[in-house]
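> Following this message is one structure expressed as C-alpha cells.
The values are calculated or read from the model by the stated rules, or taken from the named source; none is laboratory data. All of these numbers come straight from a predicted model, not from anything done at the bench. Virtual Cβ from ideal backbone geometry, glycine too; neighbours counted across all protein chains shown. Side chains are part of the model used for accessible areas, which takes the heavy atoms of the whole protein and leaves out ligands, DNA and RNA. Shrake-Rupley method; radii C 1.70, N 1.55, O 1.52, S 1.80 Å.
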Amino acid sequence: MADLTTRFAGFKSPNPFWLASAPPTDKAYNIVRAFKAGWGGVVWKTLGEDPPVVNTCSRYGATSYKGNRVAGFSNIELITDRPLAINLQEIKEVKRDWPDRALVVSLMVPCDEESWKRILAAVEETDADGVELNFGCPHGMSERGMGSAVGQVPEYIEMVTRWCKQHTRMPVIVKLTPNVTSILGPARAAVRGGADAVSLINTVNSIVSVDLDLMAPEPVVDGKGTHAGYCGPAVKPIALHMVAEIARDPECRGIPISGIGGIESWRDAAEFIALGAGTVQVCTAAMHYGFRIVDDLKDGLARWMATKSYAGIEDFSGRAVANVRDWQYLNLEYKTIAAIDQELCIKCGLCHIACEDTAHQAIASLRNGGGRRYEVIAGECVGCNLCMHVCPVDGCITMQRADDGSRERNWTQHPNNPMAVGASPVDGAAE
Amino acid sequence: MAGSQVTAHPDIAAARLSPEVYRANFADVHPPLEADQAVVEANRCYFCYDAPCVEACPTGIDIPGFIRKIATGNVDGAGLRILEENIFGGSCARVCPTEILCEAACVRTEQQGKPIAIGALQRYATDPTLAAAVHPFTRALSTGRRVAVVGGGPAGLACAHRLAMLGHDVTVFEARERLGGLNEYGIAEYKVADHFARAEVDFVLAVGGIAVRTGVALGRDLSLADLRGDYDAVFLGMGLAGVKALECEGEELQGVFNAVDYIERLRQAADFATLPIGRRIVVIGGGNTAIDIAVQAKRLGAEDVTLVYRRTAEAMSATGHEQEFAQTNGVRIKHSAQPVRLTGRDGGVAEAVFEYTATQGGRLVGTGEIFALPADMVFKAIGQVFVADPLAEGGSSLLALANGRIRVDADGKTSLDKVWAGGDCIAGGQDLTVQAVEDGKRAALAIHRSLAG
Ligand SMILES: Cc1cc2nc3c(=O)[nH]c(=O)nc-3n(C[C@H](O)[C@H](O)[C@H](O)COP(=O)(O)OP(=O)(O)OC[C@H]3O[C@@H](n4cnc5c(N)ncnc54)[C@H](O)[C@@H]3O)c2cc1C
Ligand SMILES: Cc1cc2nc3c(=O)[nH]c(=O)nc-3n(C[C@H](O)[C@H](O)[C@H](O)COP(=O)(O)O)c2cc1C
Ligand code: SF4
C-alpha cells in the first residue's frame, strides 16, 4: 500500500493526519490517547500567558441536518484554561515519549514582541517540533487584541511572524482566520513575514441557531449568547476554496499548507491535499466520534492512493491546483445535456419539479397509463445539472457531452464580452 | 410439552396464561415511534413530486406533505394534513396493509426495497391530534339539512364527520351497542390496543352536529322508507352482516365457530383470561380474518394452530406480510387443501378432514389425497357476505345489487333516490378500513353537492 509518511515544512510525521489545536489536544492525557490511536501529529491547544482564561457554560452549538447530528459545530471557547507551566511540562513529556509524531504548539499572546519572545523561549525548552501562531480565534481573544484581531490585519501578521522567526529556531506555522474578504491578504503577509507554513481555516464567525423559547443565540449562557466560531462538515467548502486560493497564488507559491476545516473522511483529506495541502488537521470529527476515526482516515487514503498508483502524499499533493481557474477562463463552448437512465429512474419527480419551477422547464412529466415517465427536452436543457444534484439515485441522471470538443472559447474571447480581445462590436456573431 | 401429553377431549380452557403474558400478547404490535426515530425516518422521504404513494392511498393523503412537516417538527400540522383527507387516519395508521398500498408505491421500495414507514409516521403525526383537548375541525354554518347514516363503522362515521363539517345535521343509527364497526368488533386487538377505536370514535364525534342512536337497526327498528321520508339524504354503511357457510359435514358441532363472532367476543372481553381456547386449533380460510383469528388464538395460549387455505400462498387475500406475521407467531399455514368434513366425539369437534387440491384447467379440484388434523376448536374464516334483508320491503330489495352487494356509482349513489352507500356493503370495494373511509367521505361530498343544488 501507499506510504503516508509526511514531510511538511520541517516537520515529519508518520501520516498527514494531525489533530487541530482545540479540546482534543488540550492536555497530555488526550494527546497520548490520540497517538495511541494512530494520529500522525497534534497542534497543542493554544497556550497563552498566565493567568489562564476562564470558559463559559455552555460552550458549543451544533447544526443538525435532517436527523444527522453535528453537520456544523460552533464554540465560544477560548485558548487553554490551564496554567502555562503545566502545559509546558506535559508537552515536554509527550514529545519525549512520542518522538516520531509531530508536536506543534499553538500560541497566542498579546501583540508585543516581548511577549512572543518570552513564550517562544519557554516552548523551545520542551523540544516541541514547532509552533503555530493562532491568528484566528474569532471570539474572546480578539476582543483583547489577539487572535483574529491580529489575523484580520495583514500588517500585524507580517510583524508578529517576523518577530517569531527572529526569536526561535523552530518552524513557524501561521494559522489563518477565514473571517476576511480575501484570504490572500493575510496569507501573503505570513509569507512576507517569513512563515514556514500556513494552516487554515480557523472557525467562521457565526450564530449557529437561535433558541426560540429563550429568544437567545446558541450556545446560551445564562440566557444570553454571542457570536461563535463555526466548523465541522459545513465549513469544508469554504476551507477548500481558501486553500486553493493560496495554493495558486504566485506570491504564496510553494508555501506549505496545512488544510483544516470539516475534514471527516479520507476523501475530504484527499481533496484538501489535491488542492495543495501537505498535511490536514481535524477537530470536529474527532470531537464527534473520538480518535478512532483516524484508522479509516489512514486506511482509506492509502488504499485510494494505491488504486491511483500514488506512492506518497507528494505524488498527488497540489494536483488539482492547475485546474482551478478564474471563471473567465472556463471554456464556454463546452456543452452538456442531462440524460435520465429510465432503467434506474424511480419516478420521484424531483428532477422535473426542480427544473420546471426553478430552472429551464427542460424535463417533461409524462403519464403513460398509470406509469410516470420523466424525459429531458434536449432543446431546452442548458446543462446546469440541477436535476443531477437533486436526483436521489446515483448515476441515474448524468450530463452527456453535447459539443464535439473541437471548439474552445472563454469569456475573455467571447463576442458578448465588450472587453473581449477582438470582440465584434455589432451582433456578437462568432469569429 | 407439545404432543407428548395425552390431553382431555376437548381440551378447551380459559386462563391458560398469566396476566402479564396476556397483557404482553395483546399490547400494541407496532409500538409508536419515538421523536428521534420519526425525524430520521421522515428525513428519508424524498418529498417526491406527483408522489406515487399519494395515488396508492385510497383516501389520497398528502403523504410527502405530512412527512415533511414531521421532519421540520411541525407535528400538529402533519396530523391535520392527514386528518383533512382521512378522519380515521389514526386507525388507518395501525390497520392499513401499507405493504400493498402507500408503502408498495413508495419510490424507495423500488430503489432499495425499503419504503418510508408511512404507516408508523402517520401514527406519530396523528396521535397527538387525537389526544388533544380540542377537535381540530370546525363546522360550517348550519345548512338546516338532515342526513341519516346507517351503520357506525368507518364508512358511516367518515361520512357523518364530513357532512357535519359541511354544516349538515347528521343522525347515526347503529345496530350494536357501540360505534366503530369492525374497528371496535373485528380488527385484531393488538393492532388497535388500549381501546384505541373508542377514543377515535369520541374524537370523530367531537366535531359536533352528529346525533348517535345505538341499538337501533335498520330493518328491525326502522325502515329505509322511514329514513327517506324523515331525512334529506341517507347513507348506508352497514358492512357485511353475514358469514359464509362451510357447507361441509360437521359444521354444527360444538367447538366450531365463526371467526368473526369469536373475535368480537375477544374484542369486547374485559379480561382475556375469561376466553376459553382450545389446545389444538384449525382455522379455515385465507384472508385477514383467518390470519387474525389464528394469531389471536395462539396469543390466547393455544398450542398448535394450523391455518388451512384451499389455494396457493399467492392466491391468499391476506398479504405476504400478514402471512409472514402469522408464521412468526407460530401459526402453521397449509396451502392447497379444502375441508371435507369435521368429525366429532362426544358432540364436540375432534378432527378436521381435508383433501389436497390442485388447479386443473383453471378450476380447483380435489386430488383425492386426504389428511386429518386433530382439533379442539375449528374457526371458519372463509368470508363475510352482505345481508340485504334490512333494505327489503315486501320481500324484495329496494336497491339494485351487484354481486350480492349494493350497486353504486362513482359518487356512492345507489339506484334509489336520496340514498348513498359505501364501505364493505357496496360492490367492487376492497374490504379495507381505508376504502370505507374514502367511500364515506366521497359520498358525503356528493350528498353535500346534491343538497346544495
Ligand atoms: C376480522 C377482520 C379483520 C380485519 N382487519 C383489517 C385490517 O387489519 N385492515 C383493514 O384495512 N381492514 C381490515 N378488515 C376490514 C375492515 O374492518 C372493513 O373493511 C371496514 O371495517 C369496513 O367498514 P364499514 O364501515 O363498511 O363496515 P363495518 O366496519 O362492518 O361497520 C358497519 C356497521 O354497521 C352496523 N350495522 C350493520 N347492519 C346494520 C343495520 N341493519 N342497522 C344499523 N346498523 C347496522 C354494524 O353493527 C357496524 O357497526 C378486517 C375485517 C375483519 C372482519
Ligand atoms: C471547541 C473548539 C475549540 C477550539 N480552540 C482552538 C484553539 O484554542 N486554537 C486554535 O487555533 N483553534 C481552535 N479551534 C479551531 C480548530 O482548531 C479548527 O481550526 C476548526 O475547528 C476547524 O476544523 P474542524 O472543522 O475539523 O473542526 C477550536 C475549535 C473548537 C471546535
Ligand atoms: S441540466 Fe438543468 S436545464 Fe437541463 S434538465 Fe437538468 S435541471 Fe433542467
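> Can you say whether A:Val109 is buried (at least 18 other Cβ atoms within 10 Å of the Cβ) and outside any helix (DSSP H, G or I), as far as the supplied structure shows?
Spelling it out, A:Val109 is indeed buried (at least 18 other Cβ atoms within 10 Å of the Cβ) and outside any helix (DSSP H, G or I).
> For the subset of segment B:19-69 comprising residues that are of a type in the set (Lys, Arg) and within 19 Å of B:Thr126 (Cβ to Cβ), which member is least open to solvent (accessible area, probe 1.4 Å)?
Going through the qualifying residues, I end up with B:Lys69.
> Can I ask one more? Show me the strands (runs of 3 or more DSSP E) found entirely inside segment B:267-336 where at least 2 residues are open to solvent by less than 20 Å² (accessible area, probe 1.4 Å).
B:280-284, B:304-308
> Can you tell me which of (1) out of contact with any Pro (no Cβ under 9 Å at 6 or more places or on another chain); (2) of a type in the set (A, V, I, L, M, F, W, C); (3) buried (at least 24 other Cβ atoms within 10 Å of the Cβ) is the one A:Val131 doesn't meet?
Failing condition for A:Val131: (1).
> Please find, within segment A:273-303, the residue that is nearest to ligand 2 (Cβ to nearest atom) out of those that are in a loop (DSSP other than H, G, I, E, B) and at negative phi. Don't jump to the end; show me each part of the working.
In the first step, residues of segment A:273-303 are kept if they are in a loop (DSSP other than H, G, I, E, B); the result is A:275-276, A:283, A:290.
Next cut, at negative phi only: A:275, A:283.
Details: A:Leu275: 16, A:Cys283: 3 Å.
Looking at the filtered set, the residue picked out is A:Cys283.
> Just checking, does segment B:162-171 include any residue being touching a residue at least 40 places away in the same chain (Cβ under 8 Å), out of contact with any strand residue (DSSP E or B) (no Cβ under 9 Å at 6 or more places or on another chain) and basic (Lys, Arg)?
yes
> Among what's in segment A:62-77 and is within 19 Å of the chain's Cα centre (by Cα) and surrounded by fewer than 23 Cβ atoms within 10 Å (Cβ to Cβ), pick the residue that is farthest from the other protein chains (Cβ to nearest Cβ).
It comes out as A:Gly72.
> Still on this model: Mind listing whichever residues of segment A:147-163 are crowded, with 24+ Cβ neighbours inside 10 Å and of a type outside the set (Ser, Thr, Tyr)?
Correct list: A:Gly147, A:Val150, A:Gly151, A:Ile157, A:Val160.
> Let me ask you something else. Could you please tell me which pairs satisfy a Cβ distance under 8 Å, a separation of 6+ or placement on different chains, a first residue in segment B:285-305 that is within 18 Å of B:Leu432 (Cβ to Cβ) and more than 10 Å from ligand 1 (Cβ to nearest atom), and a second residue that is among the polar types (S, T, N, Q) and not in a helix (DSSP H, G or I)?
B:Gly286/B:Ser317
> Which pairs have Cβ atoms under 6 Å, sit 6 or more apart or on different chains, and link a residue in segment A:341-359 that is without any contact (Cβ under 8 Å) to a residue 60 or more places away in the chain to one that is within 16 Å of ligand 1 (Cβ to nearest atom) and in a loop (DSSP other than H, G, I, E, B)?
Going by the 6 Å Cβ cut-off, there are no qualifying pairs.
> Give me the pairs: first residue in segment A:388-400 and under 12 Å from A:His352 (Cα atoms), second residue hydroxyl-bearing (Ser, Thr, Tyr) and at pLDDT 95 or above, beta-carbon distance under 8 Å, and six or more apart or on different chains, which are they?
The qualifying pairs are A:Met388/A:Thr398.
> Follow-up. So, in segment A:334-366, of the ones that are near ligand 3 (Cβ under 8 Å from one of its atoms) and polar (S, T, N, Q), which residue ends up nearest to A:Val382 (Cα to Cα)?
Among those residues, the one meeting the criterion is A:Thr336.
> Which residues, counting only those in segment A:1-29, are among the polar types (S, T, N, Q) and not in a strand (DSSP E or B)? So that I can check it myself, show each step before the final result.
Residues of segment A:1-29 among the polar types (S, T, N, Q): A:5-6, A:13, A:15, A:21, A:25.
Listed by number, the residues that qualify are A:Thr5, A:Asn15, A:Ser21, A:Thr25.
> Okay, next question. Show me the strands (runs of 3 or more DSSP E) entirely contained within segment A:170-260 in which 1 or more residues are surrounded by fewer than 19 Cβ atoms within 10 Å (Cβ to Cβ).
Correct list: A:204-206.
> Which condition number in (1) surrounded by fewer than 20 Cβ atoms within 10 Å (Cβ to Cβ); (2) touching a Lys or Arg at 6+ places or on another chain (Cβ under 9 Å); (3) at pLDDT 95 or above is the one that B:Ala372 fails?
B:Ala372 satisfies all of (1) surrounded by fewer than 20 Cβ atoms within 10 Å (Cβ to Cβ); (2) touching a Lys or Arg at 6+ places or on another chain (Cβ under 9 Å); (3) at pLDDT 95 or above except (2).
> In segment A:377-392, which residues are within 20 Å of B:Gln111 (Cβ to Cβ) and away from every other protein chain (no Cβ under 14 Å)?
Hit for segment A:377-392 is A:Met388, nothing else.
> For the list (1) farther than 25 Å from A:Ser258 by Cβ; (2) out of contact with any helix residue (DSSP H, G or I) (no Cβ under 7 Å at 6 or more places or on another chain), I need the number of the one condition that A:Lys298 fails.
Checking A:Lys298 against (1) farther than 25 Å from A:Ser258 by Cβ; (2) out of contact with any helix residue (DSSP H, G or I) (no Cβ under 7 Å at 6 or more places or on another chain), the one that fails is (1).
> Restricting attention to segment B:391-403, does a residue exist that is more than 16 Å from ligand 3 (Cβ to nearest atom) and either in a helix (DSSP H, G or I) or assigned by TED's automatic domain parsing to the domain that holds B:Cys57 (or both)?
Yes, the conditions are met somewhere in segment B:391-403.
> Return the only residue of A:Glu90, A:Glu124 being under 21 Å from A:Ala195 (Cα atoms) and open to solvent by 20 Å² or more (accessible area, probe 1.4 Å).
Matching residue, one of A:Glu90, A:Glu124: A:Glu124.
> Here's a check for you: in segment A:382-407, which residue that is assigned to a strand (DSSP E or B) and more than 9 Å from ligand 3 (Cβ to nearest atom) is nearest to B:Tyr46 (Cα to Cα)?
Within segment A:382-407, the match that is nearest to B:Tyr46 (Cα to Cα) is A:Thr398.
> Using beta carbons and a limit of 8 Å, which pairs, at least six apart or on different chains, have the first residue in segment B:22-47 and within 14 Å of chain A (Cβ to nearest Cβ) and assigned to a loop (DSSP other than H, G, I, E, B) and the second one surrounded by 15 or more Cβ atoms within 10 Å (Cβ to Cβ) and acidic (Asp, Glu)?
If the second residue must be surrounded by 15 or more Cβ atoms within 10 Å (Cβ to Cβ) and acidic (Asp, Glu), the pairs left are B:Leu33/B:Glu41.
Conditions tested, residue by residue: (1) over 12 Å from B:Leu236 (Cβ atoms); (2) open to solvent by less than 30 Å² (accessible area, probe 1.4 Å).
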position: B:Lys380; (1), (2): yes, yes
position: B:Ala392; (1), (2): yes, no
position: B:Leu398; (1), (2): no, no
position: B:Gly428; (1), (2): yes, no
position: B:Val434; (1), (2): yes, yes
position: B:Lys441; (1), (2): yes, yes
position: B:Leu451; (1), (2): yes, yes
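> OK, next. Suppose we keep only residues that are assigned to a helix (DSSP H, G or I), of a type in the set (A, V, I, L, M, F, W, C) and out of contact with any Pro (no Cβ under 9 Å at 6 or more places or on another chain) within segment B:60-83. Which one would you say is farthest from the other protein chains (Cβ to nearest Cβ)?
In the first step, residues of segment B:60-83 are kept if they are assigned to a helix (DSSP H, G or I); the result is B:63-71, B:75-83.
If we keep only those that are of a type in the set (A, V, I, L, M, F, W, C) as well, we get B:63, B:66-67, B:70-71, B:75, B:78, B:80, B:82-83.
After this cut, where a residue has to be out of contact with any Pro (no Cβ under 9 Å at 6 or more places or on another chain) as well, the list is B:63, B:66-67, B:70-71, B:78, B:82.
Details: B:Ile63: 13, B:Phe66: 16, B:Ile67: 12, B:Ile70: 11, B:Ala71: 7, B:Ala78: 16, B:Ile82: 21 Å.
Here the answer is B:Ile82.
> For the subset of segment A:367-381 comprising residues that are loosely packed, with under 10 Cβ neighbours inside 10 Å and part of a loop (DSSP other than H, G, I, E, B), which member is nearest to ligand 2 (Cβ to nearest atom)?
A:Gly379
> A follow-up question, please. Across segment A:315-362, what is the total count of residues that are within 30 Å of A:Gly278 (Cβ to Cβ) and either at pLDDT below 95 or within 14 Å of another protein chain (Cβ to nearest Cβ) (or both)?
So the answer is 0.
> Moving on. Identify, please: which residue in segment B:240-266 is within 22 Å of the chain's Cα centre (by Cα) and open to solvent by less than 20 Å² (accessible area, probe 1.4 Å) and is, among those, nearest to B:Glu20 (Cα to Cα)? Please lay out each step first, then the result.
Within segment B:240-266, the subset within 22 Å of the chain's Cα centre (by Cα) is B:240-246, B:257-266.
Now restrict to residues that are open to solvent by less than 20 Å² (accessible area, probe 1.4 Å): B:242, B:259, B:262-263, B:266.
On the way: B:Gly242: 35, B:Ala259: 25, B:Tyr262: 22, B:Ile263: 21, B:Leu266: 17 Å.
Selected residue: B:Leu266.
> Right, here's the next one. Is it fair to say B:Asp50 is more than 27 Å from A:Ser64 (Cβ to Cβ), assigned to a loop (DSSP other than H, G, I, E, B), charged (D, E, K, R) and within 14 Å of chain A (Cβ to nearest Cβ)?
It is true that B:Asp50 is more than 27 Å from A:Ser64 (Cβ to Cβ), assigned to a loop (DSSP other than H, G, I, E, B), charged (D, E, K, R) and within 14 Å of chain A (Cβ to nearest Cβ).
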